[in-house]
1. What three numbers, in Å, describe the spread of the alpha carbons of the chain along their principal axes, ordered from the longest?
2. Please figure out what share of the DSSP beta bridges in the chain is antiparallel and state it in percent, rounded to the nearest 5.
3. I need to check one value: relative contact order of the range 61-208, counting alpha carbon pairs closer than 8 Å and at least 6 residues apart, in percent.
4. How do R112, R199, R182 line up, fewest other C-beta atoms within 10 Å first?
5. Counting Lys +1, Arg +1, Asp -1, Glu -1, what net charge surrounds Q148 among other residues with beta carbon under 14 Å of its beta carbon?
6. Treating the angle as unsigned and between 0 and 90°, give the value, to the nearest 10°, between the Cα long axis of helix 190-200 and the longest Cα principal axis of the chain.
7. Compute the distribution of all C-alpha to C-alpha distances in the range 1-111, in bins of 5 Å from 0, and list the percent of pairs in each, rounded to whole numbers.
8. Per the Kirkwood formula on distinct C-alpha pairs, the Rh of the range 78-168 is how many angstrom?
Amino acid sequence: MRALILVDIQNDFCTGGALAVPHGEAVVPIVNRLMSLADVVVATQDWHPGDHGSFAANHPGRKPFELAELGGLPQVLWPAHCVQWTGGAQFHPGLDTRRIARVFAKGTDPGRDSYSGFFDNGSDAGPGLGRRKATGLGDWLSAQGVSQVLVCGLATDYCVKATAIDAAGLGFRTTLIEDACRGVGMQADDIPAALRAMRQAEVQITSAAALGVTAG
Ligand code: VGL
Ligand code: ZN
């Protein structure tokens with residue numbers, strides 16, 4: 001069984017959104033066509049409470065895109081985004097949601113960010129940091145008999161990267177569809193570095209075109 005994981009294809013990560021990824025919405029027509037390649041489609045949804053600790057506004061005197069700390073981990077401070085029940089947290093209106101079997105929310109704990117669709121941010125080592133809390137996505141995919149996952153969505157250098165690396169680490173044969181992703185790219189090397197980190201973690205990288213899918 002092969003699953004397609006749609007990472008955070010939400011209004012706030014698209015043009016005009018609170019944390020817009022350049023050309024984020026360009027992935028939508030491609031991912032809609034990728035769905036036919038999968039036996040099952042799942043989506044992750046960044047779903048923060050208004051008091052989330054990743055928001056710069058919740059750190060007096062700090063600005064978006066500065067580096068801070070959250071729950072003992074380094075944390076990039078973001079503009080408030082994907083706040084629960086707001087339009088920015090909704091999926092992009094062009095996304096074909098009919099084939100999404102399940103949605104996994106993440107980032108609901110105000111004290112911890114959650115880039116991966118599988119686990120909260122955190123360290124499995126290190127005293128005091130605790131084990132990472134699972135969203136349920138890994139167990140759910142396994143229960144469906146999924147052995148292979150295709151990963152696409154937003155943003156390449158944050159949630160897509162973390163989701164793909166965790167998928168591979170959990171033993172799923174993992175393929176990133178590079179042209180069905182867009183990144184934040186705060187630094188010029190961030191997106192290439194994310195691709196390198198994924199390759200290092202045994203994530204295969206391909207394109208929709210190589211799989212016979214075009215944006216049309
Ligand atoms: C994301 C930053 C903050 C993402 C989510 O979906 O990549 N990035 N929250
Ligand atoms: Zn977020």
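1. 49, 39, 33
2. Approximately 20 percent, going by the DSSP bridge assignments.
3. On the way: 218 pairs, mean separation 23.2, N = 148.
With pairs under 8 Å counted, the relative contact order is 16 percent.
4. R199, R112, R182
5. The answer is 0.
6. That helix lies at roughly 60 degrees to the long axis.
7. Spelled out bin by bin, the range 1-111 gives 2, 12, 20, 21, 17, 12, 9, 5, 1, 0 percent.
8. Kirkwood radius, the range 78-168: 14.7 Å.
Rule-based calculations on the coordinates, nothing more; no lab input. These numbers come from a predicted model, not from an experiment. Positions of Cβ are generated from backbone atoms using ideal geometry, with glycine treated the same way; all protein chains shown enter the neighbour counts.
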